[in-house]
Amino acid sequence: MNSGKRNVHFGVSVPQIKRSWEETAAAALEFERLGFDSLWVNDHLYGPQSPNIPILEAWTICAALAAITESCEIGTLVTPAGMRNPAHLGKIIATIDNISRGRIIPGLGAGWMEREFTDFGMEFPNIKNRLNQLEETIQLFLEMWDPEKEEVSFTGSFVKASHLVTQPKPMRPPPLLVGGAGEKRTIPLAAKYASIYNNVAGQQELLPRKIDVLKNACAAIGRDPNSITVSQQCLVTIAETETLAEPMIDRAAKIFGGHLGDPKGALALSGSPERIQKQIQKHLDLGCTMFVIEFFGRDTREPAKLFAETVIPSFR
């Protein structure tokens with residue numbers, strides 16, 4: 001897998017929870033202006049801690065971002081395969097890809113929050129069957145988006161479609177991202193189908209192991225591991241100096257409690273710009289060349305600006 005300074009991709013999550021669309025849009029436009037490569041949306045129908053926490057719906061945001069931005073790619077981290085009708089979702093993604101003129105990265109996973117499924121009238125199978133559902137959804141999408149296929153019929157255990165037509169097709173073959181930490185099914189599914197494998201933030205310290213599992217999964221099916229981009233979802237806690245960063249890192253540890261990884265961990269992107277550059281290089285040396293960043297701060301445009309001005313130029 002590639003390392004070094006070429007092809008390093010910096011994505012950033014847009015503010016979405018307890019935020020107005022105006023706040024989301026303003027941040028997205030600023031991130032694009034600052035030179036980030038992609039914008040990312042969490043795909044939850046409910047706030048992760050409570051259904052009563054306001055959160056904007058992911059694919060609706062993606063459509064709006066596609067209309068107001070010009071260059072950034074736009075993706076979800078990640079869309080649970082069984083949370084919506086898969087054929088309808090495939091049509092939605094194809095449409096948004098046209099709105100963006102070929103900038104959509106569909107991020108897919110198995111999902112974990114039961115009420116996001118059941119409260120909206122969808123079944124919530126056990127994890128084994130949710131992963132089967134994920135694979136069938138990927139298979140359906142690949143057929144739906146194939147420019148050579150005018151009509152698709154699909155009969156799986158969980159995904160079904162009959163004489164399905166998708167027009168217009170996506171403007172490019174959407175590069176699928178498969179995200180998750182599961183070593184028995186999720187990472188092998190990424191090896192089989194994905195353009196991008198994303199390691200979740202809570203497993204950042206285990207990135208070397210996850211990359212080894214991915215390489216082994218690729219070897220088992222005869223795929224070149226260099227054909228898959230390795231991505232790391234990560235919290236970035238940045239300040240101008242280490243002294244200023246220390247209290248921020250302490251607050252981040254208390255607020256997130258490991259959900260977005262350990263901000264004091266060996267691979268954490270925490271501290272001054274100089275330290276964060278060294279931490280990024282550790283990832284590149286492992287073969288991870290893509291970063292999906294959650295900046296720590298109430299107005300994430302401020303740390304994003306510092307990162308864009310002091311870190312990104314070292315990897316361009």
Here FRET efficiency (C-beta to C-beta, K264 to R298, R₀ 22 Å, nearest 0.05) is 0.55
Would you grab the residues whose amide H sits under 5 Å from the one on G107? Only those 5+ places off in sequence or on another chain, please, with H modelled 1.01 Å from N.
T76, T79, L177
For the stretch 144-151, Karplus-derived ³J(HN,Hα) couplings (6.51, -1.76, 1.60; θ = phi - 60°; whole Hz; x for glycine and proline) come out as 4, 8, 5, x, 8, 10, 7, 9
Run the numbers for L244 and I53: contour at 0.36 nm per residue of separation, minus the present Cα-Cα distance, in nm.
65.7 nm
Could you check the spin-label model distance between S162 and K192? Points 7 Å from the Cα along Cα→Cβ, value in nm.
2.7
With θ set to phi - 60° and the Karplus curve 6.51 cos²θ - 1.76 cosθ + 1.60, what are the ³J(HN,Hα) couplings of the stretch 264-277 in order, to the nearest whole Hz, using x for Gly and Pro?
10, x, 5, 10, 4, 8, 9, x, 6, x, 5, 5, 5, 4
Output for the stretch 98-148: chymotrypsin sites (Phe, Trp or Tyr not before Pro) sitting in coil per DSSP, at most 15 other Cβ within 10 Å, listed by number, reads W112, F120
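How high is the FRET efficiency between R172 and K282 when r is their beta carbon distance and R₀ equals 22 Å, given to the nearest 0.05?
Details: r = 32 Å, r/R0 = 1.44.
For R0 = 22 Å, the calculated efficiency reads 0.10.
Report the GluC sites (Glu not before Pro) located in the stretch 107-140 that are in a DSSP loop and have at most 14 other Cβ atoms inside 10 Å of their Cβ, or state none.
Sparse-neighbourhood loop GluC sites (Glu not before Pro): E123.
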Each residue of the stretch 29-35 in order: what ³J(HN,Hα) in whole Hz does its phi give by Karplus 6.51 cos²θ - 1.76 cosθ + 1.60, θ = phi - 60°, with x for Gly and Pro?
5, 5, 4, 5, 4, 6, x
Kindly work out what percent of the DSSP beta bridges joining two residues of the chain are antiparallel, to the nearest 5.
15
For Cα pairs less than 8 Å apart in space and 6+ apart in sequence, what is the mean separation divided by the residue count of the chain, i.e. the relative contact order in percent?
19
Are there any trypsin sites (Lys or Arg not before Pro) in the stretch 54-110 that are in a DSSP loop and have at most 12 other Cβ atoms within 10 Å? List them by number.
R101
Could you sort out which of K169/K192; K184/K264; K160/K215; K18/K254; K215/K278 sit more than 26 Å apart by Cα distance in this structure?
K184/K264; K160/K215
Let me check I've understood the local charge: for L131, count other residues with C-beta under 11 angstrom from its C-beta, Lys and Arg +1, Asp and Glu -1. What total comes out?
+2
Just subtract the alpha-carbon distance of E22 and W112 from 0.36 nm times their residue separation and send over the number in nm, one decimal.
29.5 nm
Where a ≥ b ≥ c are the square roots of the eigenvalues of the C-alpha gyration tensor, would you call the stretch 135-212 rounded, which needs a/c under 1.5, or, failing that, prolate if a/b is larger than b/c, or oblate?
prolate
Fraction of alpha-carbon pairs in the chain farther than 38 Å apart, rounded to whole percent, equals 10
Rounded to the nearest 0.05, what FRET efficiency do N129 and A181 give with R0 = 25 Å and r taken as the Cβ-Cβ distance? Could you check?
0.85
Between the alpha carbon centres of the stretch 236-271 and the stretch 170-202 the gap in Å comes to 27
Could you compute how fast the stretch 205-253 diffuses translationally, taking Rh as the Kirkwood radius over C-alpha pairs and applying Stokes-Einstein at 10 °C with viscosity 1.306 mPa s? Give it in µm² per second.
117
Additional length obtainable on full extension of the chain from M122 to R33, 0.36 nm per residue less Cα span
28.2 nm
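Calculate the dipole size of the stretch 9-315 relative to its Cα centre from +1 charges on Lys and Arg beta carbons and -1 charges on Asp and Glu beta carbons; express the result in debye to the nearest 20.
Dipole about the Cα centre, nearest 20: 500 debye.
Readers should treat all values here as calculations from the given coordinates under stated rules, not as data from a laboratory. Note that this is a predicted model, so its numbers are computed, not measured. Cβ: placed from backbone, ideal geometry, glycine included. Neighbour counts: every protein chain shown.
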